[in-house]
Each structure stands twice: as C-alpha cells, then as structure tokens.
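Reading through the structure tokens given below for one structure.
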Amino acid sequence: MSKDVEFRIWRGEGGQGGFANYRVEVNEGEVVLDLVHRLQATQAPDLAVRWNCKAGKCGSCSAEINGRPRLLCMTRMSTLPAGQPVVLTPLRAFPSIRDLVTDVSFNYAKAREVPSFVPPAELKPGEYRMRQEDVNRSQEFRKCIECFLCQDTCHAVRDHEENKAAFAGPRFLMRVAELDMHPLDAAAEAGLDRRADAQDVHGLGYCNITKCCTEVCPEHIRITDNALIPLKERVADRKYDPLVWLGSKIGLRPKS
Amino acid sequence: MDSYDVVVVGAGGAGLRAAIEAREQGLRVAVICKSLFGKAHTVMAEGGIAAAMGNVNSGDSWQVHFRDTMRGGKFLNHWRMAELHATEAPERVWELETWGALFDRTTDGRISQRNFGGHEYPRLAHVGDRTGLELIRTLQQKVVSLQQQDFKESGDYEARLKVFQEYTVTRVLKEGDRVAGVFGYVRESGQFFSIAAPAVVLATGGIGKSFKVTSNSWEYTGDGHALALLAGASLLNMEFVQFHPTGMVWPPSVKGILVTESVRGDGGVLRNSEGRRFMFDYVPEVFKGQYAQTEEEADRWYADPDHNRRPPELLPRDEVARAINSEVKAGRGTAHGGVQLDVSSRLPAEEIIRRLPSMYHQFKELADVDITREPMEVGPTCHYVMGGVEVDPDTAASPAVAGLYAAGEVAGGMHGSNRLGGNSLSDLLVFGRRAGLHAARYAAGLTTRPVVDQAQLDAAAAEALAPFAEGGENPYTLHQELQQTMNDLVGIIRRAGEMKQALDRLAVLRRRAARVTVEGHRQFNPGWHLALDLRNMLLASECVARAGLLRRESRGGHTREDWPGMDRDWRRVNLVCTLDEDGIAVQRQANPPVRSDLLALFEREELAKYFTPEELADEQGR
C-alpha cells in the first residue's frame, strides 16, 4: 500500500535558503502534514512548520503546495499529481521566519484596525433577539479559521508589498462586512461609518474581485460574492444615494 | 525584565476569559500562548456551550443542569464548582453576544439550544458544529476591542493587555511559597524570556498528546499540570481521562479526529456490524428509568420529549465509549475496528449539511465518505482529562501556592469522574472569569511584590538548554513510545498489571528523556520544543497511571477490568498527586460532603446508588 514520494521543501531562514530533497514513504489516506511529521521524526528533526489541530479547524498549517496556498492538514496526498515531486514552500506574501513558517503579524495588525462590534446601548445581556435569516450572512464569514490563505493569495498584497499599509486584505474586509451585516451592531450610533471606513481606511478599492481569495478558502466561504461585492455595493449606495448625501449634510443619521 | 500584575498562561477559552476579566479590573495583564493567537484547542470544540437558559424547553433551570452534571460525573464532582458552573453559565453566554458572538437562533430570535448526552433538556448554545471557533474568535475580538480602547487612551494597543504569541512557559518562578513570575522561551528567536508577576493563571488545557489516538491538538501536552506540580501545587483525580466515544477510525492518519456528539444529539444512531442499535443493551443500573428501552420510544422522544425517554445514544460519554469498545471486542465492529454512526437515514441531506457542516466537510475531504448518504465509522478517542490542578472552587486559587490560579481543563474537580459534553466551554467561561477576577484582586491587594531570584532563572535556563547536549536520543522516538504506552496500558479499559508495566516504562522513558538530543539551532526548532514538552507529558502520564492503579473501582473515565464495580466508599475519596524528590506521590483526601439543599434536588433512591447508607443517615440527621 505504501510507496515513496519525493518532496522538495524550501528550507532556510529570513528569506535565505534553498530547496532540500527528501524521499519519504506515503501510506493510504495520508495528508501532506503527515509526511512533514514523518520527515521530522526520521530525516529532518528541526524542519519548522506550524500546526495545531490537524483537523482543518485552527488554520495554523498554511503553506504553499506546488505553488498553491493550502492547509497541509487538509490536502490529501492522493489529490496531488502522481509521479511528480511535492513542492512545499512558505506563504509567499509574508516574511519568512524559518522553513515553512512565516511572520503573519501583518494580519494581527490589520485585525486591530477594524473597530470592534458595538453593542446596542438599550439592550442588556440576554435581551438580544435576532432572526436566523438575519444572522446567516455574518455567520458565514465567522466560519473563517484565519489561515490567511486569502491574504497570501490576494494579488493586491502578494505582488505589491507597497499596498500592505493601505489594504486590509480579503480576511479583514470580510470582517468589516460581517460587522456591517450584523443585525444589532450599533456602530452608526457610536459615530462610526463602517462603509466609509471600508473604502477609506481598509482599502476596499484595491480589490478588483478576481475571486482568488474565494478559490483558496478552505472553509469554502464565498468571500468575494457574499462579502466583498456586497460591501462595495453598500459603499457605492452610501456615496451616491442623494438622500444619504442630503442626510449627512443636514445632520440626519443614515439608517442602514 | 518585563513586569505585569497578572500573567495568564494559555490563550484558549479559559485563558482569554481570565485575561479579559483581570484587564477589566484595571490591571496590566500578559497572555502567554504557545501558538498563534486564536489557534488554541478551544477552536476544535464543536457541539456547544451548556447553559440552562431554557430557550428551547422552559423546564430547564440551573438546578436541573447541576443535577445532570453531578450524575454525569458520578457524584465525584466538587459540588460547589458544579453549582457555580450551573448558576453562572447563562450570564457567561449572554455576555458573549454583547461582544459580537452570533449563535444559531430559535424561531423567536433567542439563542437556540440543542440536545446532548446526559443533559435532560436541550441546553447547548451552538453555531452549527463550530461552536468552539465562535467562542475563541469572540474572546479574541473582545481582547482586541480592549486593546483598541487602550490605544485610544494611551496610544499603545498593548498598554494593559499584551498577547505574547508563540512563547512557551517552562517554569513558574517563586519567592518562598508564593508566585513571582514565569520563565520560558520565544519560539521564533529561541531566546529566553521572563516576566515578573505576583499572580499566574494556568489555562493550558489538557494532556491528550500523551496518548496515541486522541482528538487533542499539538498544544495538549500537560504543560499546566506539570508547571503546577513543579511549583509545589497538587493535582486532583488524574486517573479520570475521558475517551470520547466517536472519533474517526479510518483512514489511519486521521484516527482520533473528533466526530461531534451533536450527530447523536440531532438524531444520529449507533449500530454494530449486525445492524443492531446496541446502546439499548448498555443502559447501566444508575441510569435505568431515564433512558428509552425501545427504538420506537427513543425515536418519539425527538418530537415529544415530555412523554418519552431519551435514546440511549445520549448516555454520558463514558458509557457510550465503553459500549463501543465492548461491541468491537465482541467481534461486532466494522472492518476498521469501529462501529457505525448513522445520520444519513435519520435526517434529510440538506438538514445534515446545515446542522453538521464541519462533519460533512471533514468526512468528505479526509475519508471520502458522504455522511448524507452513508454511515460514519467511529470509535473511542482520548479527548479530555477530568483531573487537574486542585483549586478553591470560588476563587480558582491553588491552596498550596499563593498567587497560582488554574481554570478550564487544567483545573480539577468540576467534572468529577466524567465530563458531560457542552460543559467544557461553559467551564472555561465561568472559571476563567473567576480565576481572572481573583488573580487580579490578589495582585492588587499585595503590599510588597515578590522578587524574582536569579538562581531560579539560571536553573530554568540550564534545564531548557539541556537537550542541546550531544549523544542522546531523538525526542520524536520517545514521544511515540510514550503515546503507545499510555494508549495500550492506561487506556479506556485498565488492569493493575498493565498500569504497573506502564509505570515501569514511564520510569525508563523519564531517564531517557533527561538525555534527549535535538539537532539544529534554537530558532523555531520543533525538535527542541518537543524535548521540552516531554517533561510535562511524562509527569502528567505518571499521575494518571499512579492514581489509576490506586483507585480500585470503575467510575466515569476510569474503568478497571479487575475492579468493575462502582464503589460508594471510593466516592468519598479524591486522589491527590504531588511531586517530591522521589517523583509523583499520591495521597487520599476526603471529598467534601455535598450541601444539603443541593442533595435535596435528587430522589433518595438515586442518591442511594452513589452514597453510603451512613452518609445519607448523617445527612438526614442534619
């Protein structure tokens, strides 16, 4: 049942390094992370990789397999082309730390820039009432396991380091959409305009809806169709709706 | 050296809830996490958070929840923890909504609640089958919102609450009998760090990585258990380890991955290779009368729970795990040594995908099984340790070490001999908050701060560097041997001879572990990390085996083939582990008597199954 497969794994530190080749035994049903573990236990004890749950739930073991951003724990060996080496590289959009581990602090910095949920002042804990239909949309976005594969693949970041300062990336634009679609978020009452911020602070305009983020999402969240495009539409409505414009000029609060 | 008021070790549900509380008390708080922020094991919890909100069945109350929890733990639970847990869980859940959590809803817009094993009413607040993710993300986002507040006030996000990601604590530092701080290493650089702090909250989770087949993640290496022992604290009832009845069994590389109990809560049934719903054959004496005896009654219960009894698939986990084990042993298992868990013949496909999306996804991608069309193959997997750091029920403080607190899975007492599904997430929130609160009060009330002693720092550094000495063994080999030992000899069914054998092997492993050698340098070195984890796993494993050998009865997560009965005299006994120069010592300690008004919540006939006649006579005399 088992057979040997060739692995080419990028090894190095701080961006300096090269590929190391290994031959390793593969058994039925195994995922790429199983092979990385086997290499650690037998041939490469200091091979650096992040992993926690090995069940597709924590989003730690993100890397690039044959150039494609994926979770090592959810990629079965049987789905990769036979007879070819398996090439493992770290996420390209983030600075390399060691081997398959990258510095993902960019994402944590961006998370802090999105203003949190604002609880409605008039409701006490236990008094929240929401219909399932109204929470479905935000719930889809909250399935995100923060593997940052979408952040890695988005060309606005991947090919343009200089955009990082002004662009939050799909994960955190989706977070803005999630809060904007939360039925009880009281951001507007607190003087926050999530839609304006999406455009002005988080760089929604950099997204040109090529859906690369949706394609790599291991949770199959429809990031582009359900979060980013609707958010763009909301921004456009806000900008061009003459009543909203008038309201904002004469001090009326826009009703979302 | 950095200095904080409270250091929280661990960033799962309990750790983050403790940190939030201590920060809201106005103190400066450091959270140390072994992984990235938001990746803790809590993320893997699937089914839900148990809290008697009564949203789906108004008959529910904290008293009913308390009763279920005590029954589930076979009355070994610390009654006061079970009481606090049942009374405070609803507030802790509602609070999450004010921080942005989005639970599944009832038709009238409240938080929906689902059925689960051992819970009399639908009680688990949930989000599909990814409730743990919702919990961790909500707490993570609350931490961020507090940091945003601090940024507004001071220009520094981390002014009062800082998360140290990929930092590992290897020692709790002390001044005399009280806590003085923590020492550890930074994964990325391999450099050491230390933080001076008068209060340390351990919230490091469990010990499952000492077992070969486990649902637990990389982090679950008994760190807090070991840190507590090494700091002079005691561990309670470590023999009780929960084997979740339903882990994946095929393919081998995913063996142990959890299959949520919600599958059964939502109607899934267990069948053996003969097609029989075998759980009807395994309703134990203590639960007779509470569970259906025919398939017809069990099936009617889903629509009419007031006039029918629950299906036996919803017995507490220890019962179901043992039953599956027996069926497989009797030759009625599946080809891969499990049993069938079937929801495909019970619910329409779209309903399965809506209620159990992660399970659908997990089986499809990892096992090529479509759970809407065919049964899953499942078997027991090491899931949770009921034992843990002995704490004061109200304050979560260790009675042995001033300034040391523990909450969540690393703490003992709350779940007795067996934890009910759903009671873990609520435990994290209730006792995480209490630990944070009392750690903060303790730190704020001190007039003099403890001083960190240089000799302890030097000793901790030398200990951590020892694996770089040459000539020893590979840590991965030792880890595999440890996992095999615990799996084979201190697993779901235990015997005295095997546990003795395990202790012999653990002694050898401990000697070998003292001389492991890691290759490479200090930066992000997984071999070095494992070498450090080994110390912790070996200490926790020895506690499990020693206490297990001593307890001559079967109860909850401790099943002795040579002592198969539950013994009422043993209910009064807690086994307490401490560490001295000779290794782990185990002592008997009296389990405190349950308060009368709480005992009065049960029928006397039921109590007589668990309590001795003398205990009940004393009670009546009061």
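Projected label points at B:Glu463 and B:Arg373, each 7 Å from Cα along the beta carbon direction, are separated by 5.5 nanometres. Of the residues B:Glu614, B:Glu24, the one with the fewest other Cβ atoms within 10 Å heads the list, and the complete ranking is B:Glu614, B:Glu24. Using only alpha carbon pairs under 8 Å that are at least six residues apart, calculate the relative contact order of region B:245-304 and give it in whole percent. Computed over region B:245-304, the figure is 17 percent.
Taking a straight line from the alpha carbon of A:Lys232, these aspartates and glutamates sit under 20 Å away, with near neighbours fewer than eight places off in the same chain left out: A:Glu113, A:Asp134, A:Glu140, A:Glu178, A:Asp180, A:Asp185, A:Asp193, A:Asp197, A:Asp200, A:Glu215, A:Asp241.
Counting only alpha carbon atoms, the long axis of helix B:526-550 and the longest principal axis of chain B meet at about 50°. Let me make sure I get this right: for chain B, a, b and c are the square roots of the gyration tensor eigenvalues over alpha carbons, sorted descending. Under 1.5 in a/c it's rounded, otherwise prolate if a/b > b/c, else oblate. Which is it? Rounded is the answer for chain B, as its axis ratio a/c remains below 1.5.
Each Cα pair of the protein assembly as shown feeds into the Kirkwood radius, which the Stokes-Einstein equation turns, at 20 °C and 1.002 mPa s, into a diffusion coefficient of 77 µm²/s.
Relative to one another, the C-alpha centroids of region A:8-54 and region B:381-430 are positioned 36 Å apart. Left without a cysteine partner by the 4.7 Å Cβ rule in the protein assembly as shown: A:Cys61, A:Cys73, A:Cys144, A:Cys147, A:Cys154, A:Cys207, A:Cys212, A:Cys217, B:Cys33, B:Cys382.
Annotation for region B:201-236 versus region B:280-335: alpha-carbon center distance of 32 Å. Could you give the angle, 0 to 90 degrees to the nearest 10, between helix A:229-240's Cα long axis and the longest principal axis of the Cα atoms of chain A? Orientation of helix A:229-240: about 30 degrees from the principal axis.
Only Cα pairs under 8 Å and 6+ residues apart enter the sum, and on that basis the relative contact order of region B:497-622 stands at 18 percent.
Taking a ≥ b ≥ c as the square roots of the eigenvalues of the Cα gyration tensor of region B:357-477, is the shape rounded (a/c under 1.5), prolate (a/b larger than b/c) or oblate?
Oblate, because a/c is 1.5 or more while a/b does not exceed b/c.
Nothing charged except the Cβ atoms of Lys and Arg (+1) and of Asp and Glu (-1): what's the magnitude of the dipole of chain A about its Cα centre? Round to the nearest 20 debye. Roughly 240 debye, rounded to the nearest 20. Helix B:79-98 and the long axis of chain B differ in direction by around 80°, with both axes built from C-alpha atoms. Helical runs assigned H by DSSP (4 residues or longer) give the protein assembly as shown a calculated mean residue ellipticity at 222 nm of -11000 deg cm²/dmol, each run adding -39500 (n - 2.57) before division by the residue total. A Förster radius of 35 Å combined with the Cβ-Cβ distance from B:Asp580 to B:Glu619 puts the calculated FRET efficiency at roughly 0.40.
Using Cβ contacts closer than 10 Å as the measure, can you line up B:Thr107, B:Thr559 from fewest to most?
Arranged by neighbour count, lowest to highest, B:Thr107, B:Thr559 become B:Thr107, B:Thr559.
If you find the alpha carbon centre of region B:144-178 and of region B:46-98, how far apart are they in angstrom? If you average the Cα positions of each part, the centres end up 31 Å apart.
Largest GNM mean-square fluctuation among A:Thr214, A:Thr89, A:Thr79, using chain A with Cα springs under 10 Å: A:Thr79. Remark: B:Ile353, B:Ile324 ranked as B:Ile353, B:Ile324, counting other beta-carbon atoms within 10 Å and listing the fewest first. Restricting the trypsin sites (Lys or Arg not before Pro) of region B:362-458 to loop positions (DSSP other than H, G, I, E, B) with no more than 12 neighbouring Cβ atoms within 10 Å leaves B:Arg373.
We did not get these values from a lab; they are worked out from the coordinates using the rules stated. On a predicted model such as this, the values are computed, not experimentally measured, just so you know. As a convention, Cβ positions derive from the backbone with ideal geometry for all residues, glycine included, and neighbour counts pool all protein chains shown.
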